[in-house]
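Working notes for the structure below.
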Amino acid sequence: MNKKYIIYGAIAFVVILLFVGGCSNYNGMVEKEQVVEQTWAEVQNQYQRRIDLIPNLVNTVKGYAAHENETLQDVIEARSKATSITIDPTNLDDTTLEQFQQAQGELSSALNRLMAISEAYPDLKANENFRDLQVQLEGTENRITTARGRYTEAVKDYNLKVRRFPGNIFAGLFGFDAKPQFKAEAGADQAPEVEF
């Protein structure tokens, strides 16, 4: 009879151990997933800040460089495209992140062309509103970089949690999938040419 109790006790111990381990792993994955979602929201918040600055910047440039309509139109279209792509952080995958990143890259490129216009218009370059908007845009770009870095770190922690053993078993059972990372834009590995 003692052997029966020992066997039942061992089985109960294993079941309790699996239950406690499963709860701990599940709760850890939920926590890390929430951090990923929070940091993604901050990324979107910073991109939204940039998008909100664009109409003021375009209107300021319009007053000084009215014949630069093509560049202004490119910025407006890129802004529209960037705002049309919204991503729910719970359904974030490589494809949607790539579309989002491409739209934001096009917007960055259009903004760079817009900022280059100021070199041809000394009055615009000297305009206080334009300078203020330029500083705000530069600060926003820095905030975007910081937010993307925090997101990358949160995704790394989360992906490690759902891929390591025994977490990968519980991740599979409870539907926790790896989250996508930002990827470098094409040509980012090559230094730009600078000519004087």
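Remarks
- Dipole axis of the chain (+1 Lys, Arg; -1 Asp, Glu on Cβ), positive-most option in VAL14, PHE130, THR152: VAL14
- Using a cut-off of 32 Å between Cα atoms, the listed pairs LYS32/LYS183; LYS62/LYS156; LYS161/LYS183; LYS125/LYS156; LYS3/LYS32 include LYS62/LYS156; LYS125/LYS156; LYS3/LYS32 as exceeding that distance.
- Ranking of VAL35, VAL43 by count of other Cβ atoms within 10 Å, fewest first: VAL35, VAL43
- Largest GNM mean-square fluctuation across PRO122, PRO89, PRO55, computed for the chain with C-alpha springs under 10 Å, falls on PRO122.
- Counted residue by residue at 0.36 nm each, then reduced by the alpha carbon distance between them, the extension gain from ASP123 to PHE182 reaches 17.4 nm.
- Stokes-Einstein diffusion coefficient of the stretch 36-174, Kirkwood radius over Cα pairs, 4 °C, 1.567 mPa s, in µm²/s: 77 µm²/s
- Taking other C-beta atoms within 10 Å as the exposure proxy, ILE87, ILE11 rank ILE11, ILE87 from fewest upward.
- Placing +1 on the Cβ of every Lys and Arg and -1 on the Cβ of every Asp and Glu, with no other charges, gives the stretch 36-174 a dipole of roughly 460 debye about its Cα centre.
- Screening the chain for whole DSSP H helices with an alpha carbon extent of at least 24 angstrom along the helix axis and a mean Kyte-Doolittle hydropathy of at least -0.5 yields 2-64, 94-117.
- Residue order, fewest to most beta carbons within 10 Å, for THR83, THR145: THR145, THR83
Bear in mind that the values in this text are calculations on the coordinates, not laboratory data. Predicted model only: the values in this text are computed from it and were never measured. Backbone-built Cβ (ideal geometry, glycine too); neighbour counts: all protein chains shown.
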